[in-house]
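Right, one structure below, let's go through it.
FYI, it's all coordinate maths here, none of it is from the lab. Remember, predicted model here, so these are calculated numbers, not experimental data. Here the Cβ is made from the backbone with ideal geometry for all residues, glycine too, and neighbour counts use every protein chain on show.
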Amino acid sequence: MDLQKKQAARLHKEGLKLCEELKFDEAITCFLQALHLVPNHPTLYYNIANTRAEQELHEEAVRFFDRAID
């Protein structure tokens, strides 16, 4: 696994941990940073969508769910 993928995996894991701690904005930051390193990663889009849904940002959540499906 190359360095970018390892860093993205670390950021993704950190984002999931932050979600468990209900630190949604910080989690989104981690997910977006990971997505920058590995674009078009459906699991990252899915986790961003779920996080936005938890924040009741439903329109944004739907956009990210759509990206996850694409």
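Where does helix 58-69 land angle-wise versus the long Cα axis of the chain, in degrees 0 to 90, nearest 10? Between helix and principal axis, roughly 40 degrees. Counting only alpha carbon atoms, the long axis of helix 42-54 and the longest principal axis of the chain meet at about 30°. Where only DSSP H runs of four or more residues are counted, the chain gives -26500 deg cm²/dmol as its mean residue ellipticity at 222 nm, each run worth -39500 (n - 2.57). Here the label points at Thr29 and Arg10, each 7 Å from Cα along the C-beta direction, are separated by 1.7 nm in the simple model. Once the Cα atoms are used to define both axes, helix 3-20 deviates from the longest principal axis of the chain by about 30 degrees.
Rounded to the nearest 20, the size of the Cβ-charge dipole of the chain about its Cα centre is 380 debye, with Lys and Arg at +1 and Asp and Glu at -1.
Converting the Cα gyration tensor eigenvalues of the chain into ellipsoid dimensions via √(5λ) gives semi-axes, longest first, of 19, 15, 7 Å.
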